[in-house]
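The values are calculated or read from the model by the stated rules, or taken from the named source; none is laboratory data. What you see is a predicted model; the values in this text were computed from it and never measured. Heads up, the Cβs are rebuilt from the backbone with ideal geometry, glycines too, and the neighbour counts pull from every protein chain shown. In case anyone asks, the SASA skips ligands and DNA or RNA and just uses the protein heavy atoms, side chains included. Shrake-Rupley method; radii C 1.70, N 1.55, O 1.52, S 1.80 Å.
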Amino acid sequence: MANVYNWQLGRDMNYRFDPAAPTWQFAAVFNTNRCLACQTCTMACKSTWTFSEGQEDMWWNNVETKPYGGYPRHWDVKTLDLLEQANPGGQTWSEDAGGPEAPYGSYEGSTIFDAGRSVGQHALGYTPTDEEWASPNIHEDSPVSQGALAKGVTLPVHETWFFYLQRLCNHCSYPACLSACPRNAIYKREEDGIVLIDQERCRGYRKCVEQCPYKKPMYRADSRTSEKCIGCFPRVEGSDPLTEGLPMETRCMAVCPGQIRLQGLVSMEADGSWTHDPDNPLYYLIREEQMALPLYPQFGTSPNVYYFPPRWVPRPYLRQMFGPGADRAIEAYVRPSRRAQAVLQLFRVSQSIIFSFEVIDGEKVNEINVNGKTMEIFNDTVIGYGRDGQEIVRVTVIEPQFERPDQFLNTI
Amino acid sequence: MQPATSTRQDNRRLRAPAAVLLAVAAAVLIGLFDVAPVRSQIPILEAAPTSVAVPTDDAWATVWNDAPSLRVPLSAQDIAFPYGGGAVDAVTVRSLYDEERLYISIEWADHSADDSVSGAAEFSDAAALQFSADPLKTPPYTMGSPGAPVNIWQWKAVWQADAERGFPSTTDRYPNTHVDGYPGEGNPLYNPAAHLGNPLAPRTHASLIENLLAEGFGTLTSLDVQDVEGSGAWRNDRWRVVFARTLAPGIDGLASFETHRTAVVAFAVWDGASGDRNGQKSVAQFIELDIGPVERVAVTDEQAQPPGTTERGIPWVALGLILSAVLPLLAMAAIVFYRTDASDIGQPAQRNWRH
């Protein structure tokens, strides 16, 4: 058992293995505020990787309606409940943010790794049943309360609410699946931090299924092994001919019609901290603006998919799901800084992974009032660069508009 | 952690002096009777010679009726994560041999035959024998160690079911399933485990017994040589499994046996209904396995010597007397410690042999 630093918790924690940071870490930002649950991501993944016999109930990417939906059913509340049973009332955070390496404060409760020792395991967990895996989109669009039918809703928080949560493997910095495997058949790639199950060594013990709190390793009865999201590693490696050797976003990211996803790689230091890289759009949104937050950071795995929390959802729920950074993140999102307004334009404008960006100032085009505060909008231009430093994309904050001439009015 | 009740506190305080008394008594007895501890507690399974053919596809064959049996207690595995097991408290083992082969049967009570791993949370009953893979060494019974490998023969109820009923398809598992078709059906790339030669993935098995090697936790590896035969059957709420293999296959890394010599064998049983798999199992340490009558004095010291055993020849009387004098002092220290923590008095090595 090693002692490792988890910046999302602002403290050291127990983990089975010593830190071994990859040089680059797979990471993504999802804007829950914009998702329309069309499941295009889900189907893109399904039709790429999990269309074979034995994989019928396997959805490496899924979108579920919160708070009632879940794939597998109740995955999050079950693990939260296990933690609560192991350490009643103890899952609290200190209020004080502790600088860039403890941006959300310090978690005072038990992680799944802390609690695992009490049950003779590397981490606390449970194995979902067939029934729990059977309904990936159960409770779709089911809201909390029906009050809106009579009264309507108002911001900042809706009385009647639901939201869509997009989920795939978090390719965690401290993966619970990896530490759970008694055979060491799971590994985290040095080059991109993608976590994979070695299909040659796996013996289907399902300890990864049991101990991944996000329940993203899945058992395949057809091969009697567990499989999981592979982070579309051939694309991230740049093996796809389309990008001519440059890293490419995963299938689920690249197809998103709602443009809610931005995926890439962040540079890591040998000690596991993120290289200071404010021109990387992921680093900028996650570490500089703190607009995007990890999903259930208290589990302790240091997940690498980050979410803009849905701004209409009651804050206690969001603080439980995304940690104490939820209020600040929503503030940063609803009234984004001038630079953030530009970076937000980079979502889904390219299949190539954007490694850095540059903003060129434009004219001020508007001034609006957001929650009593003024927000200026500038038509800045943002340029995204690839791994080789070449320009991939150039977009403006204000989407250009074109008027169709009369002579083409009814043409396509 | 639950708060300790006053009763538990009282018990803890009583336990320490009791343990000391027992230890003193044991030391005196050791001194008086000149017996080697631990060694004398290790039971011996004696393989009986047979001239009758031993079927490997019928675990309940009558040939086993007259074979000497030994009851071996099992305990939950609590040496390495993941801990678990404990649902099966003992196995009854028997052994036979003929000119060519060694046969071992293992039998235990189990109210359910768990022979499917189709469900996400379904696990298979299983049983395994463990031998030293190097005739010159007795490895740790805990899956061996680097340089001291163990050879493991594992029977799995699910492989038995595959052989008897066929590998279940999706429609076998979920009869109301409808699938239009699978793109790329038959392309091995889409079943990567099978494509990579994972021994768990094939739909048929060369033998119902998997032959494996390990050199410590997490190193279990299926061997290229799959020469162990056998089968299991569940009858009257009991599993019985028979294993058979050539006495001396002459291949490095495989257990080898000689008649009238002693080997070591350890046992493990998995109860699928309890979620047992991998390290979550009921286990026993190595016991000695005599292949026919063995002149014990001649072989025990130079050959099998399970961990924790002690060489003969130590002046036990003197040691007993010294222990008798020293232990009361240790007892004083123990009592002080016990007021704060008495969570685990037993050692795993001893716990295995408590009846």
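At a glance:
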read-out: Peptide ranges A:160-169, B:59-68, A:187-196, A:212-221 listed from the most packed, as the mean C-beta count within 10 angstrom indicates; value: A:212-221, A:160-169, A:187-196, B:59-68
read-out: The range B:238-292 and the range A:1-49: distance between their alpha carbon centers, rounded to Å; value: 43
read-out: Contact surface A-B: accessible area buried, both sides summed, square angstrom, 1.4 angstrom probe; value: 3400
read-out: Radius, Kirkwood style, for the range A:347-396 when every pair of distinct Cα atoms is counted (Å); value: 12.4
read-out: Ratio Rg/Rh, restricted to the range A:86-164 and using Cα atoms, in which Rh is the Kirkwood radius; value: 1.13
read-out: Considering only the range B:40-189, percent of DSSP beta bridges that pair antiparallel, nearest 5; value: 90
read-out: Ellipsoid equivalent to the range B:143-284 - semi-axes via the Cα gyration tensor, in Å; value: 32, 19, 15
read-out: Over the range A:2-343, volume per residue of the alpha carbon convex hull, in Å³; value: 138
read-out: q = 0.18, 0.22 Å⁻¹, the range A:44-185: log10 I(q)/I(0) [Debye, one scatterer per Cα]; value: -1.29, -1.35
read-out: Candidate residues A:HIS158, A:HIS74: accessible-area rank, largest first, probe 1.4 Å; value: A:HIS74, A:HIS158
read-out: B:ALA206 paired with A:GLU376, simple spin-label distance in nm, labels 7 Å along Cα-to-beta-carbon; value: 7.6
read-out: Rounded if a/c under 1.5, otherwise prolate or oblate - the range B:179-239, Cα gyration tensor axes; value: oblate
read-out: Equivalent ellipsoid dimensions for the range B:112-225 as semi-axes, Å, which come from the Cα gyration tensor, largest first; value: 33, 17, 11
read-out: Fraction of antiparallel bridges per DSSP, chain A only, in percent to nearest 5; value: 90
read-out: Rounded to whole Hz, the Karplus (6.51, -1.76, 1.60) HN-Hα couplings of the range A:69-80, x for glycine and proline; value: x, x, 10, x, 3, 6, 4, 7, 5, 5, 5, 4
read-out: As computed over the range A:306-345, the Cα convex hull volume per residue (Å³); value: 67
read-out: Cα pair distances of the protein assembly as shown binned at 10 Å [whole percent]; value: 2, 12, 20, 20, 17, 13, 8, 5, 2, 1, 0, 0
read-out: Computed [θ] at 222 nm, deg cm²/dmol, the protein assembly as shown (DSSP H ≥ 4; -39,500 (n - 2.57); rounded to nearest 500); value: -5500 deg cm²/dmol
read-out: The range B:88-138: radius of gyration and largest Cα-Cα distance (Dmax), Å; value: 15.4, 45
read-out: Cα gyration tensor category, rounded, prolate or oblate, for the range A:126-264 with a/c compared to 1.5; value: oblate
read-out: Taking the C-alpha atoms of the range A:185-286, convex hull volume expressed per residue in Å³; value: 157
read-out: Relative compactness, the range A:320-412, computed as alpha-carbon Rg over 2.2 N^0.38 Å; value: 1.39
read-out: Ranking by accessible area, most exposed first, for B:ASP252, B:ASP227 with a 1.4 Å probe; value: B:ASP252, B:ASP227
read-out: B:THR204 - accessible surface, heavy atoms, 1.4 Å probe, Å² rounded to 10; value: 110
read-out: Extension gain (nm, one decimal) between B:ARG235 and B:ALA273, 0.36 nm per residue minus Cα-Cα; value: 12.0 nm
read-out: Accessible-area order (highest first, 1.4 angstrom probe) of the listed residues A:HIS171, B:HIS205; value: B:HIS205, A:HIS171
read-out: For the range A:271-352, Kirkwood radius (reciprocal of mean inverse C-alpha pair distance, Å); value: 13.5
read-out: For the range A:232-273, alpha-carbon Rg and Dmax in angstrom; value: 12.4, 37
read-out: Per-pair calculated FRET efficiency, R0 = 60 Å: B:GLU295 and B:THR177 via Cβ, rounded to 0.05; value: 0.45
read-out: Amide proton proximity set for B:VAL91, modelled H, under 5 Å, gap of 5+; value: B:VAL72, B:LEU74
read-out: The range B:198-204 - phi-based ³J(HN,Hα) in whole Hz, Karplus 6.51/-1.76/1.60, Gly and Pro as x; value: 4, x, 7, 7, x, 8, 10
read-out: Sulfur and carbon atoms: percent of accessible area, the range A:347-396 [1.4 Å]; value: 40
read-out: Low-density loop cleavage sites - GluC sites (Glu not before Pro) in the range B:162-232, where at most 16 other Cβ are within 10 Å (DSSP); value: B:GLU185
read-out: Å² per residue, accessible surface of chain A at 1.4 Å; value: 39
read-out: Gaussian network model of chain A, Cα within-10 Å springs - most flexible of A:PRO19, A:PRO309, A:PRO247; value: A:PRO19
read-out: FRET efficiency estimate (nearest 0.05) - Cβ-Cβ, A:THR129 to B:GLU185, R0 35 angstrom; value: 0.80
read-out: Of A:ASP130, A:ASP12, A:ASP327, the one that fluctuates the most in a GNM where chain A has Cα springs shorter than 10 Å; value: A:ASP130
